[in-house]
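The values are calculated or read from the model by the stated rules, or taken from the named source; none is laboratory data. These numbers come from a predicted model, not from an experiment. Cβ atoms come from the backbone with ideal geometry, glycine included; neighbour counts cover every protein chain shown. Note: accessible area is taken over every heavy atom of the protein model, side chains too, but ligands, DNA and RNA are not part of it. Shrake-Rupley method; radii C 1.70, N 1.55, O 1.52, S 1.80 Å.
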Amino acid sequence: MNVLPIRHVLCPMDLSPISMNALEWANAIARARSAELRMLHVVAPEGMVPAEGLGFSEHDGMITKLRGALTSVDPDNRLAGAAIKQGDPGSEILQFARSKSADLIVMGAEGAKRPDRPIGSVTAIVVARSDCPVLIVPAGERVPSRRPGLFERIACAVDLAPSSVSVMKQALALAWETHGHLSYVCVTTEAQPPASQVQRQILDAVPLDADDWCEVEVVVKAGAPATEIVKIAESSNVDLLVIGTPRQWTSTTQAVLAKSLCPVLVTHEARPLPYPTRSA
């Protein structure tokens, strides 16, 4: 079994309660795997005016605040660092993640508790364009005390597209870490094959020996994809929901992020979603 490599974890920070909660998750995930944790704060411009250069005192003051935030979460983590960048937050986060070869980006979001704005514009850009998986943590979702940073009950949303195979593998790798329970969830429409055929196609993509190190089930249901995926995740009391990269700006992935009450891991292929083209 190929373990999902998580050696470098990036947590963008603005020191808000939501980002502090995300830091707790990022720290727990990094600690569970002896990975490096890097906090990043981006000083954004006001409107269209470029941000002025930070002086030494402002820079050092913000670094001190970031380190203080980590100390309040985990004073003993010696594999952690902090950085300050200036510019467009989404672009700077993505560029920093690529420059540091981040294996995971952890960000917080309002989630279902604020239906009018479940995820911010910066988070949406990172989710769509990242080269590495992005974990979105809903506000108020605390790190479990049992095996923090690891996931024992996972739901993985899939369809019959070829790209789902990569999503399945990443979910399976996380389930392998805990010998946990993994539910592959496929929500079908009337135009798709019968449920039994869909279930067989999904099971055919699972390694034959997977049952030796985790419990795998396939759930096939008809309905509205995002709504049913979130319902199944809630009824199964999962620790993590895994889903593929959004294929368009209005997608099932974005809708799941807006509705989910548990952390959502958005996997990524080599080519992230490009910016939408401007209509003529």
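In order along region 128-140, the Karplus-derived 3J(HN,Hα) couplings, from 6.51 cos²θ - 1.76 cosθ + 1.60 at θ = phi - 60°, round to 6, 10, 5, 8, 10, x, 10, 9, 9, 9, x, 4, x Hz, and Gly and Pro are given as x.
Loop sites here are GluC sites (Glu not before Pro) outside DSSP states H, G, I, E and B with no more than 15 other Cβ atoms within 10 Å. The longest part of the chain free of them is 53-189. Note: relative contact order over the chain, using C-alpha pairs below 8 Å and six or more positions apart, is 20 percent.
Summing charges over all other residues whose Cβ lies under 9 Å from the Cβ of His8, with Lys and Arg as +1 and Asp and Glu as -1, gives +1. Taking a ≥ b ≥ c as the square roots of the eigenvalues of the Cα gyration tensor of region 128-179, is the shape rounded (a/c under 1.5), prolate (a/b larger than b/c) or oblate? Note, shape of region 128-179 comes out oblate.
Antiparallel beta bridges, as assigned by DSSP with both residues in the chain, represent about 10 percent of the total such bridges.
Taking amide H as placed 1.01 Å from N in the peptide plane, Gly120 has its amide H under 5 Å from the amide H of Glu110, each at least 5 places away in sequence or on another chain. When the helices of the chain are scored as -39500 (n - 2.57) per DSSP H run of n ≥ 4 and the total is divided over every residue, the value at 222 nm lands at -11000 deg cm²/dmol. Couplings for region 149-166, taken from phi via the Karplus curve 6.51 cos²θ - 1.76 cosθ + 1.60 with θ = phi - 60°, read x, 10, 10, 9, 10, 10, 10, 10, 7, 9, 9, 9, 6, x, 5, 5, 4, 5 Hz in order; Gly and Pro are left as x.
Electrostatic tally near Asp74: other residues with Cβ closer than 9 Å to its Cβ, Lys and Arg +1, Asp and Glu -1, net -1. Here the simple spin-label model places points 7 Å from the Cα toward Cβ, and for Asn237 and Ser16 these points are separated by 3.2 nm. When all protein chains stay in place and ligands, DNA and RNA are ignored, the 1.4 Å accessible-area order of Met20, Met107, largest first, is Met20, Met107. A 1.4 Å probe run over the chain, with the rest of the protein chains in place, finds 50 Å² accessible per residue.
Extension gain, His59 to Lys100: 0.36 nm times the residue separation minus the Cα-Cα distance gives 12.7 nm.
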